[in-house]
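Read the structure below first, then the notes.
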Amino acid sequence: MHLLIAGGRELSGTVAVEGAKNAVLPACAASLLTDEPVIVHRVPPLRDVRTIIAVIRELGKEVEYSDGTVTIRHGRPLQPNPSREYVEQMRASFLVLGPLLARLGRAEVPLPGGCTIGPRPVDYHLQGLRALGAAVREEGDGTIVLTAEKLRGTRFRLPYPSVGATEQLLMAAALADGDTTIENASREPEVLDLVELLRGMGARIETSADGFNVEGVPALHGTEHTVIPDRLEAGTYLIAGAITRGRVTVADVRPEHLASLAQVLGEAGARVETSADAVTVEGGGRLRPVAVRTAPYPGFPTDLQPPLVSLLSLAEGESTVQDTVFPTRFGYVDELIRMGARIAVAGGTARITGVKGLHGADLVAPDIRAGAALVLAGLAARGESRIAGLDQLDRGYADLEGKLTRLGAKIERRDVQ
Ligand code: EPU
């Protein structure tokens, strides 16, 4: 399967945004913290969502997914060991570790496999769980085995505000004995959404100056929760509006979650309008170059770094984009260069010399967001682009071609050799 894009059309219109993938994944993992039903709404039809559902089913849950709602019920007794296949497919499967440990006193999880966005270790997750009282050992086959008769509240300072490690520790601490302080924690909207869900389950979590205080409770109960809108999907469509010099509105979003993107697009000369629950970007002429660094929220999100680089490859002058979160997340740049972009990457920074136009090419999407960057470049390029690696795009973007077609793009999915 490939995406075929006939580039060079202005996109205009309004696009509906799904619920946040990166909020749904921890929400499903959190359902393991109780035997009562957990119901999650606004769940997008994505491959990563199907993977986490398969993981929690394998661990014993009964899961129904229809019309954007996942209903998770008690099925069989919980098992401590998700299979390697799932953890290799999707790193977020690792998030079941904390809940399993809290419920069963044991979790066996294969180390997450290699990943195209550079080294992504899980040492902070393990350090934090150790601080909560878990014994951690690694088996010869790369499986991590954690055991703890009872997790005990602690004070733990994350070396870096990792999203996944913060989520892992919030879930484990919710059922620990006593109070836990997590310092230097991630404050991404998806983490706060998990906190909302956990509070709905009876967890006692307060935010502090640079993290969270969690008062452990003996048990959690079921809940019903609607996840936040997907700011990364929304941001991708806004950049699509800017790169094609059109006008795109993302509806039913939380504009404050898109503030750093709106600021960068504004600095580059795009017109950005914000209402209570929508953001509009209008492209117009050639954009100005900008200097951007990715950073934990509320900084510019690393997940929008690749789409932004596509956009800046067409600005007038030299831009710099430094990724401080994933300094090696530039593997897709060679594909943009094959489309005529002028980009040099060194030391976690891309130096982009804007060109007047890109041309279509045969491309491969290496990961979700890099795939989105190539689609955006294809939409703006002269001629036809053919993008393979749709498995990656389908992990994070629901109905990508449908949504882009409705905005005026010429894009289709085809089985071509
Ligand atoms: N890190 C460590 N050790 C750890 C954990 C993280 O060194 O134990 C480092 C990472 O290598 C990286 C930095 O800390 O350099 C940040 O990683 P983080 O743990 O915050 O990322 P994550 O939890 O693995 C989530 C999102 C990613 C997003 C990052 C950063 C989910 C399921 N994934 O990953 O989303 O890029 O936060 O915001 O929430 C995507 O949606 O395409 C995606 C990759």
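The values are calculated or read from the model by the stated rules, or taken from the named source; none is laboratory data. Worth saying up front: this structure is predicted, and the values here are computed from it rather than measured. Glycine gets a Cβ as well: all are built from the backbone with ideal geometry, and neighbour counts include every protein chain shown. Heads up: the accessible areas ignore ligands, DNA and RNA and are worked out on the full protein's heavy atoms, side chains in. Shrake-Rupley method; radii C 1.70, N 1.55, O 1.52, S 1.80 Å.
Hey, any hits in region 75-95 for a residue that's surrounded by fewer than 23 Cβ atoms within 10 Å (Cβ to Cβ), in a strand (DSSP E or B) and not aliphatic (A, V, I, L, M)?
Among the residues of region 75-95, not one is surrounded by fewer than 23 Cβ atoms within 10 Å (Cβ to Cβ), in a strand (DSSP E or B) and not aliphatic (A, V, I, L, M), which makes the answer no.
Have a look at R91, R50 and point out the one that is modelled with pLDDT under 95 and under 14 Å from P26 (Cα atoms).
On inspection, the qualifying residue turns out to be R91.
Please go through region 252-261 and pick out each residue that is open to solvent by 30 Å² or more (accessible area, probe 1.4 Å) and under 14 Å from E233 (Cα atoms).
Result: D252, R254.
Residues in region 232-250 that are touching a strand residue (DSSP E or B) at 6+ places or on another chain (Cβ under 7 Å) and open to solvent by 30 Å² or more (accessible area, probe 1.4 Å): how many?
The qualifying residues number 1.
Can you list residue pairs whose Cβ atoms sit under 6 Å apart, with the first residue in region 278-292 being farther than 29 Å from A16 by Cβ and the second being among the aliphatic types (A, V, I, L, M)? Count only pairs 6 or more apart in sequence or on different chains.
Final answer for the pair search is R288/A268; P289/A315.
Please state which one of L407, L379, L314, L358 is open to solvent by 20 Å² or more (accessible area, probe 1.4 Å), within 21 Å of G246 (Cβ to Cβ), over 18 Å from the mean Cα position of the chain (by Cα) and among the hydrophobic types (A, V, I, L, M, F, W, C).
Only one candidate passes the filter, namely L314.
Could you look through region 151-162, keep only residues that are away from the ligand (no atom under 14 Å from the Cβ) and not in a loop (DSSP other than H, G, I, E, B), and pick out the one that is surrounded by the most Cβ atoms within 10 Å (Cβ to Cβ)?
R152
So that you can scan it fast, the table gives a plain yes or no per residue for (1) at pLDDT below 95; (2) away from the ligand (no atom under 11 Å from the Cβ):
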site: G68; (1), (2): no, yes
site: R76; (1), (2): no, yes
site: V87; (1), (2): yes, yes
site: P99; (1), (2): no, yes
site: L104; (1), (2): no, yes
site: R120; (1), (2): yes, no
site: L129; (1), (2): no, no
site: G133; (1), (2): no, yes
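Go through region 218-227 residue by residue and tally those that are open to solvent by 10 Å² or more (accessible area, probe 1.4 Å), under 21 Å from V191 (Cβ atoms) and not acidic (D, E).
4
Restricting to region 236-258, what's the tally of residues that are outside any strand (DSSP E or B) and either under 20 Å from P26 (Cβ atoms) or of a type in the set (A, V, I, L, M) (or both)?
Residues meeting the conditions: 9.
Return the only residue of E384, E335 being open to solvent by 40 Å² or more (accessible area, probe 1.4 Å), more than 16 Å from the ligand (Cβ to nearest atom) and among the acidic types (D, E).
E384
Residue under question is R137, and the condition is that it be at pLDDT below 95 and either open to solvent by 10 Å² or more (accessible area, probe 1.4 Å) or in a loop (DSSP other than H, G, I, E, B) (or both); does it hold?
Judged against the criteria, R137 is a match.
Could you tell me whether V272 is more than 16 Å from the ligand (Cβ to nearest atom) and open to solvent by 40 Å² or more (accessible area, probe 1.4 Å)?
yes
How many of the residues making up region 15-50 are within 19 Å of L100 (Cβ to Cβ), within 11 Å of the ligand (Cβ to nearest atom) and either open to solvent by 10 Å² or more (accessible area, probe 1.4 Å) or not in a helix (DSSP H, G or I) (or both)?
Result for region 15-50: 0.
Given the options A209, A176, A165, name the one that is open to solvent by 10 Å² or more (accessible area, probe 1.4 Å), in the same structural domain as A30 (by TED's automatic domain parsing) and small (G, A, S).
Going through A209, A176, A165 in turn, the sole match is A209.
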